[in-house]
Amino acid sequence: MRLVLATHNRDKIQEINVLLQELPIQILTFEDFDSLPEVIEDRDTLEGNAEKKAREIYEETGLPAMADDTGLFVHALHGEPGVYSSRYAGENVTYADNRHLLLKNMEDVPLKDRDAEFRTIIVLMLNEDEKFIVEGSCSGYIGFKEKGTMGFGYDPIFYLKESGKSFAELSLAEKNEISHRGRALKKIKKILEEITKNT
């Protein structure tokens with residue numbers, strides 16, 4: 001089975017590859033095609049964006065496609081940045097730009113009110129009529145400063161309550177065990193195991 005990852009984000013691709021590497025699946029990315037369009041994320045929900053990406057890449061390639069959309073939901077900011085997490089500080093910004101804006105907007109928020117949750121929705125589109133949708137989440141809080149050098153995105157400022165460590169202080173294997181994307185990918189992995197077993 002061949003599966004196209006509907007993302008141009010190399011960090012996401014790495015996390016997905018690690019978790020699905022044992023499966024009898026050939027994972028394809030944008031690098032395996034002459035031109036794979038960058039899908040515009042203009043839906044107002046994570047599920048809407050993930051489904052749009054999976055559908056457009058499926059239609060473009062004719063191959064099963066998988067997409068995720070992830071959001072960081074900060075309680076003190078009424079759920080921001082949410083569905084706009086990747087472009088919180090504007091279009092074509094860096095991970096650091098987004099983190100700095102979030103920390104600035106949280107400057108006066110005390111520790112007890114800094115709760116946040118990461119959510120990932122993954123959509124797997126096998127064909128026009130068959131798709132699977134799974135969700136993964138992870139609760140934590142927004143720290144007062146960046147810590148750690150691993151991971152990407154908001155990882156250096158997203159802290160786990162149990163350990164007090166940021167995602168960026170965890171190895172990829174440790175992060176995949178407990179993260180929102182890791183949890184969603186484990187659900188998709190079970191679905192893919194069943195599909196490949198029956199084909």
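Close Cβ contacts (under 8 Å, 6 or more residues apart or on different chains) running from residues in the range 182-199 that are surrounded by fewer than 17 Cβ atoms within 10 Å (Cβ to Cβ) and assigned to a helix (DSSP H, G or I) to residues that are modelled with pLDDT of 95 or more and among the hydrophobic types (A, V, I, L, M, F, W, C) comprise Lys187/Ile122; Lys187/Val134; Ile191/Leu124; Ile191/Phe132; Ile191/Val134.
Across the range 141-175, the qualifying residues are those that are over 25 Å from Tyr84 (Cβ atoms) and in contact (Cβ under 8 Å) with a residue 24 or more places away in the chain, and the one among them that is surrounded by the fewest Cβ atoms within 10 Å (Cβ to Cβ) is Ala173.
Filtered by the rule that a residue be loosely packed, with under 15 Cβ neighbours inside 10 Å and touching a Leu at 6+ places or on another chain (Cβ under 9 Å), the range 26-70 gives a lone residue, Gln26. Scanning the range 183-199 for residues that are under 20 Å from Gly82 (Cβ atoms) and of a type outside the set (Lys, Arg) yields one hit, Ala184. Restricting attention to the range 81-117, the residues that are assigned to a helix (DSSP H, G or I), more than 22 Å from Met150 (Cα to Cα) and among the aromatic types (Phe, Trp, Tyr) total 0. Checked against (1) without any contact (Cβ under 8 Å) to a residue 24 or more places away in the chain; (2) touching a strand residue (DSSP E or B) at 6+ places or on another chain (Cβ under 9 Å); (3) of a type outside the set (A, V, I, L, M, F, W, C), Pro64 passes all but condition (1).
Could you tell me which of the residues Glu41, Glu51 is more than 22 Å from Ala96 (Cα to Cα) and either at pLDDT 95 or above or not basic (Lys, Arg) (or both)?
Working: Glu41 fails: more than 22 Å from Ala96 (Cα to Cα).
Residue meeting the stated conditions: Glu51.
Let me spell it out: the conditions are (1) without any contact (Cβ under 8 Å) to a residue 24 or more places away in the chain; (2) part of a loop (DSSP other than H, G, I, E, B); (3) basic (Lys, Arg), and Arg43 meets all of them except one. Which number is the exception? With respect to (1) without any contact (Cβ under 8 Å) to a residue 24 or more places away in the chain; (2) part of a loop (DSSP other than H, G, I, E, B); (3) basic (Lys, Arg), Arg43 is out only on (1).
The values are calculated or read from the model by the stated rules, or taken from the named source; none is laboratory data. What you are looking at is a predicted structure, and each value in this text was computed from that prediction instead of being measured. All Cβ positions, glycine included, derive from the backbone under ideal geometry; neighbour counts span all protein chains shown.
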